[in-house]
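Notes for the one structure printed next.
The numbers here are math on the coordinates, done by the rules we state, and not lab data. Since we're looking at a predicted model, the values are computed, not measured. Heads up, the Cβs are rebuilt from the backbone with ideal geometry, glycines too, and the neighbour counts pull from every protein chain shown.
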Amino acid sequence: MLALGCDHGGYELMQEIKHYLDERKIAYQDFGCYSMEAVDYPVYAKKVGKAIQDGVCDRGILICGTGIGISITANKMRGIRAALCTDCFCAEATRLHNDANVLALGGRVVGPGLAVKIVDTFLNTPFSGEERHKRRIAMIEE
Ligand code: RB5
């Protein structure tokens, strides 16, 4: 199950992402926000991070205006590895190397066409499982 969270700066792009997920019958839980009204992005980063920490969801997508504030917040939570991606190369690499469990996007940075390709890459790339990457992730967790 995917956990979704955004602020007002990511709201419109999140609607596109939800459309993409619905078409593919990919299950998600939407933790808000639910309109373009200004809200505080840490609230939504924390909701998504907690859903992953609690095992309710296994991965998440967070969107704010730049993707920066919401990923900074998520990365302060134990066990959360949020990757801010603006291209498919990074989305693939962060799954292979970092086993990132949250994809962060900037709603004012990437257009919907590129964003869904990034999401597709993120969701369909497995962790490589290679020892050197496992070691480095363990070092992050320490
Ligand atoms: C909101 O205006 C904006 O600051 C937020 O969406 C995000 O870009 C913060 O990093």
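Seen through its C-alpha gyration tensor, with square-root eigenvalues sorted a ≥ b ≥ c, region 1-45 comes out oblate because a/c lies at 1.5 or above while a/b is not bigger than b/c.
Compute the Rg/Rh shape ratio of the chain: radius of gyration over Kirkwood radius, all on alpha-carbon atoms.
0.94
Run the numbers on the chain and let me know its relative contact order in percent, using alpha-carbon pairs under 8 Å that are six or more apart.
On the way: 280 pairs, mean separation 36.5, N = 142.
Relative contact order here is 26 percent.
Cross-link reach is defined here as a Cα-Cα straight distance under 28 Å, omitting same-chain residues fewer than 8 places apart; for residue 76 the lysines meeting it are 18, 46, 47, 50, 117, 134. Extension gain for the segment residue 23 to residue 72, taken as residue separation times 0.36 nm less the Cα-Cα distance, is 14.6 nm to one decimal.
Within region 1-77, the GluC sites (Glu not before Pro) that combine a DSSP coil assignment with at most 12 other C-beta atoms in a 10 angstrom radius are 37. Rounded to the nearest 500, the helix-only mean residue ellipticity at 222 nm of the chain stands at -14500 deg cm²/dmol, with each DSSP H run of n ≥ 4 adding -39,500 (n - 2.57). Projecting the Cα atoms of 53, 13, 88 onto the charge dipole of the chain, computed from C-beta unit charges around the Cα centre, puts 53 farthest toward the positive end. Note on 17, 70: ascending count of other Cβ atoms within 10 Å places them as 17, 70, the fewest first. Between 0 and 90 degrees, rounded to the nearest ten: what's the tilt of helix 131-141 against the longest Cα principal axis of the chain? With rounding to tens, the tilt is 60 degrees.
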